[in-house]
Each structure stands twice: as C-alpha cells, then as structure tokens.
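The values are calculated or read from the model by the stated rules, or taken from the named source; none is laboratory data. What you are looking at is a predicted structure, and each value in this text was computed from that prediction instead of being measured. Cβ placement follows ideal geometry from the backbone for every residue including glycine, while neighbour counts extend to all protein chains displayed. Ligands, DNA and RNA are stripped out before the accessible areas are found, and what is left, the full protein with its side chains, is counted by its heavy atoms. Shrake-Rupley method; radii C 1.70, N 1.55, O 1.52, S 1.80 Å.
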Amino acid sequence: MAKLVVVETYNKVDKMTTAVMSKEHPKEKELYFYTNLEVLMAEKGLSIAELSERTSVAQSTIRSLIRGKLKRLDSISTGKLAQFFNCKLDDLYVMKWE
C-alpha cells in the first residue's frame, strides 16, 4: 500500500478539505474515497432515514456517500458517522488511486 502524504490543507465553506498525494503514484491519477457505509448500516439494520435521524447527517449526504466515489470528504459528516459506528476512518472509507 502506498504511503500517503498530506500536501495541502485549506478551509472551504467551513468544511475542512485535505488534498492528498503520493510519490508512488503519477500525477494523472487521483485519489478517490469509497465508503463501507452500506455494510455498516446493514450490520445495524439501519435505513438511510434512521441513520440520518440518529447522526444529524443529511439523507442526501448519506445517499451520496453510498452511491459512488468521492474526491473529497466532509470532515463533520465523516466524524459523526465514525463516532456513531464507533469505528476508525479506515473502517468507514477505502481509498483508491484511479
């Protein structure tokens, strides 16, 4: 697995976004985040509506996380979900260079 190095952090619309790059990967490839959220929800028997109600993360955000690959993560939503599932970010997201 490639060693990831944080190269830039900036605040955009009150959401912390971190740009990540690695020397092992050419610049034309981008880092995407895939979620294991659907699996974690199934283990607890939760619907999108129930998870939204219990975490205060918008249903549309949860649907977007489940639906597909992401180029950046919202740290507030990520923190709420990781705290709710009592897991690390590694358990919540899978990172892939594409």
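Scanning the range 45-67 for residues that are in contact (Cβ under 8 Å) with a residue 24 or more places away in the chain and either of a type outside the set (A, V, I, L, M, F, W, C) or touching a Lys or Arg at 6+ places or on another chain (Cβ under 8 Å) (or both) returns ARG54, THR55, SER56, VAL57.
Residue count for the range 46-74 under the criterion of being exposed (fewer than 13 other Cβ atoms within 10 Å of the Cβ) and hydroxyl-bearing (Ser, Thr, Tyr): the result is 3.
Every listed requirement among (1) open to solvent by 50 Å² or more (accessible area, probe 1.4 Å); (2) under 26 Å from GLU98 (Cβ atoms) is met by GLU43 save one, (2). Out of curiosity, is LEU31 in contact with a strand residue (DSSP E or B) (Cβ under 9 Å, 6 or more places away or on another chain) and over 13 Å from ALA82 (Cα atoms)? Yes; evaluated as a whole, the condition is true for this residue.
Restricted to the range 82-98, and to residues there that are touching a strand residue (DSSP E or B) at 6+ places or on another chain (Cβ under 7 Å) and not in a helix (DSSP H, G or I), the residue that is least open to solvent (accessible area, probe 1.4 Å) is TYR93.
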